[in-house]
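Rule-based calculations on the coordinates, nothing more; no lab input. Since the model is a prediction, treat every value here as computed from it, not as a measurement. We place every Cβ from the backbone using ideal geometry, glycine too, and count neighbours over all the protein chains shown.
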Amino acid sequence: MTDHDSGRLATLLREEAAAIDVPAPDAAAVRHRARGMRRRRRGLEAVAGLVVVAAVTTGVTAGVRGAGPGGGGVDAAAMAAYREQGAFAVGRVLHIGEHQVRFESAVTSIYYTGAGVLVRRGPVADGETGGPTRYTLVRPDGSARDLGGLRMADRVPGTDIDSPYVAYAEPHEGASSPRPGLNTAWDLVAVDVTTGAEVARHEITGAFTWGGWQAPPVTTDGTRIRALLDQGWVELDWSTGAVRTVPGTAGVTLEAAHGVYADEADPAWVVRDFATGKVLRSVRPREPMLGGLLSPDARYGRILDDYLSSDGVPPATPVRIVTLSNGATVTLPGSRFYGWTPDGSVLAFDPEAGTVAVCDPVTGSCDGARRVPAGTVRLGGLSYES
Amino acid sequence: MTADEEFTEFVTTAWPVLFRTAHLLVGERGLAEDLVQTALAKTYLSWGRIRDRGAAGVYARTVLINTATSWFRRHAWRREVATGELPDRVAPATSPDRPDLAAALRALPPRQRAVVVLRFYEDLSVEQTAQALRITPGTVKSQTSHALAKLRTELGETFQLEGVRHD
């Protein structure tokens, strides 16, 4: 982009804005709406607290240092520690269970799989400053395998806590359009992270105009991959080749895990089973048009009662965790960033104390706080896709 | 002056500025009005805590962007405003002297449109835009690059030639 491009665009935008016919302000209507919001808030404050999601920052790529070779079995104790304690990264160091793995560049995303953590380094988006994106499997025992052939860049992949696969979508070969939204043929791809081998590639069709990524976002569990197209979640079972559009999902929110999906069906956040469509839980956030986040095992939900932090500081407001099977709710303190472990416990990073703890999603008790060094913290179970 | 009178005065002043930003962000009059009302209602709820009334405009704008970002996250909202298949070219310019930027903006995905509006209309830096939209600075840059390329395609020679004339 040249200076004259940006200058010209700014001028055009100002001209466009000046030409907009602005309706008369109505302060009384604004106050009326505000009082309605306040009534809703007061009604819900008696029930529980509220939650905010926070994203942290970024890093760039390189190779793995000091990690053992991939492959081989993982002992039960290491696997149990991974499932219960999860993973998080501080700058270049990934903490998984009771192990640490140091990379030569910062970790930018952590995806839980049944074989360990899939780590992304480098930016998610391709661009003039994008550079390469690298993926590495880190097993629960700390051994690592570089997945050099995996290229996903500006898209949202899916993983599952019980599967060794990462799934993603890409424009079907020969059907790619230079303009997002015009392509209607996609390949759904599954890669076994333990071997790096592509195990499935099937074509689906449908428009994807809503997201702005290079391909539709996906979720996966077992041999199913689902892509969120304009028509809703399109599900592929790559063991049989069967494809279906999940009924009633046109226009739903992008939120799914371990066989369930959620929708911000204002005023409630509704969690449904992909297979049956049955409502598993419906929760009303404090703010209209907000929703919630599913735990990786889909047993718990974190309710978004407030807007996201945009300044890197966790809001002081408490956090509400709901057990989806029975609706039981616990409230965790605010001023912390919250992620998940693979088994649905809550990972809590307290930037003030410089600690990461694991909290029980049923009782709310937190223990095993580990002091972490200064640096950018990324928590497992959170999406850092932009 | 009572707090309500102060707020009414603030709404009268802030409304046109916020509405223009909202209209550029969401591309539709009714949604823009809804967005501004929501942002101002939230500002009203915090009115007692905004001691520096001069900062109220910045506060309201932040709330507006936060609210819009939450809307962008809703798939249903995106579908409501989507035009389906994008045309090869946008509709002809409404004026021979001014290209139809509104239509070109509407053809952009929401994130790209927001990046363009915040950077080139609100004059935010890459870092500020990244913070406002909760994306990385690298993504702001790449989204800007993609958006500019699309705008050039949509606006065609008009955009380029007009730019040259303004140099």
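Give the residue list of chymotrypsin sites (Phe, Trp or Tyr not before Pro) in region A:72-107 that are DSSP loop and have at most 11 other beta-carbon atoms within 10 angstrom. Sites meeting the loop and neighbour criteria: none at all.
Each pair of Cα atoms in region B:1-82 enters the Kirkwood radius, and Stokes-Einstein at 10 °C and 1.306 mPa s then converts it into a translational diffusion coefficient of 121 µm²/s. Note on residue B:141: lysines with a C-alpha under 16 Å away, same-chain residues under 8 apart excluded, are B:150.
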